[in-house]
Amino acid sequence: MSTPAPDLTDLIARLEEQERRLRLPSLSHDDAWRLGCLIADMARERGAAVTIGVRRNGQRLFHRALPGTSADNDEWLERKCRVVDRYAASSYLVGTRFRAKGTTFEESSRLDPGRYAAHGGAFPLHVTGTGVVGTVAVSGLPQAEDHALVAAALERFLGA
């Protein structure tokens, strides 16, 4: 097994730090609504056509498809969220960890790629003192941009 490229090692460290830092004090139905609306507002400001989902314990608390998206984005949301549910880590971090090992999620996870996608855009909703209770996800941009939009929204949400 080869040593991961330094840029992947650095990316993994940044993503792990982000997940440690972006934790919520709680997650109510209203919190999920506000977070989803914040992401929609940020996406519109950027001119980004994305679909947004916020779930807690498997229940969909927020869903919004902005103009320019399709049902394919809904499927991507589901596939990315399944990765977060299974690994309790962002879909981008999971995929990056596989790439750092010199393989891909699709080749090595032994999971159906029609049901799981380790592409950026789904982030665990970790409640301090409880653990991961849900997901927030975006689909419609390149994976690093999907992930960055969610992370920026969580930063803003937690700063409010």
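The values are calculated or read from the model by the stated rules, or taken from the named source; none is laboratory data. On a predicted model such as this, the values are computed, not experimentally measured, just so you know. Here Cβ is always computed from backbone atoms with ideal geometry, including for glycine, and neighbour counts include all displayed protein chains. For accessibility, only protein heavy atoms count, side chains too; no ligands or nucleic acids. Shrake-Rupley method; radii C 1.70, N 1.55, O 1.52, S 1.80 Å.
Before I look further, what does the chain give for accessible area per residue, probe 1.4 Å, in whole square angstrom?
50
Determine the dipole magnitude for the chain: charges of +1 sit on the beta-carbon of Lys and Arg, -1 on that of Asp and Glu, nothing else is charged, the reference point is the Cα centre, and the result goes in debye to the nearest 20.
Once rounded to the nearest 20, the dipole reads 320 debye.
Place a point 7 Å from Cα of Asp7 in the direction of its Cβ. Which residues in region 105-130 have their backbone N less than 18 Å from it?
120
Positive end of the dipole of region 4-115, charges at C-beta (+1 Lys, Arg; -1 Asp, Glu), about the Cα centre: which of Ala89, Thr104, Gly68 has its Cα farthest in that direction?
Towards the positive end, the residue furthest out is Ala89.
Given the whole protein assembly as supplied and a 1.4 Å probe, what does the accessible area of Trp33 come to in Å², nearest 10?
Approximately 140 Å² for this residue.
Provide the FRET efficiency to the nearest 0.05 for the Arg99-Asp30 pair, computing r from the beta carbons and using R0 = 30 Å.
0.20
Apply the Karplus curve 6.51 cos²θ - 1.76 cosθ + 1.60, θ = phi - 60°, to the phi angles in region 50-55 and return the couplings in whole Hz, x for Gly and Pro.
Per residue, the Karplus-derived 3J(HN,Hα) values read 9, 10, 10, x, 10, 10 Hz.
Would you tell me the accessible area of Val127, worked out with a 1.4 angstrom probe on the heavy atoms of the protein chains, in Å² to the nearest 10?
The accessible area comes out at roughly 10 Å².
What length, rounded to one decimal in nm, is gained on full extension from Thr128 through to Arg115, with 0.36 nm per residue of separation minus their alpha-carbon distance?
In short, 1.8 nm is gained.
Using a 1.4 Å probe on the protein chains only, how many percent of the accessible area of region 1-103 belongs to carbon and sulfur?
The computed percentage sits at 49.
Which cross-chain or sequence-distant (5 or more) residues have an amide H under 5 Å from the amide H of Leu111, H modelled 1.01 Å from N in plane?
Here the answer is none, since no amide H 5 or more places off falls under 5 Å of that of Leu111.
Pick from Asp85, Asp112, Asp74: which residue has the top mean-square fluctuation in a GNM of the chain where Cα pairs under 10 Å get a spring?
Asp112
Ile12: accessible area at probe 1.4 Å, nearest 10 Å²?
Taking all protein chains as shown, Ile12 has close to 30 Å².
Give the shape of the chain as rounded, prolate or oblate, defined through the alpha-carbon gyration tensor: a ≥ b ≥ c are the square roots of its eigenvalues, a/c under 1.5 means rounded, and otherwise the shape is prolate if a/b is larger than b/c and oblate if not.
In terms of gyration-tensor shape, prolate.
Note down the magnitude of the dipole of region 82-160 about its Cα centre, charges +1 on Lys and Arg C-beta and -1 on Asp and Glu C-beta and zero elsewhere, to the nearest 20 debye.
Value, rounded to 20: 200 debye.
Starting from region 9-67, pick out the trypsin sites (Lys or Arg not before Pro) whose DSSP state is loop and whose Cβ has at most 15 other Cβ atoms within 10 Å.
none
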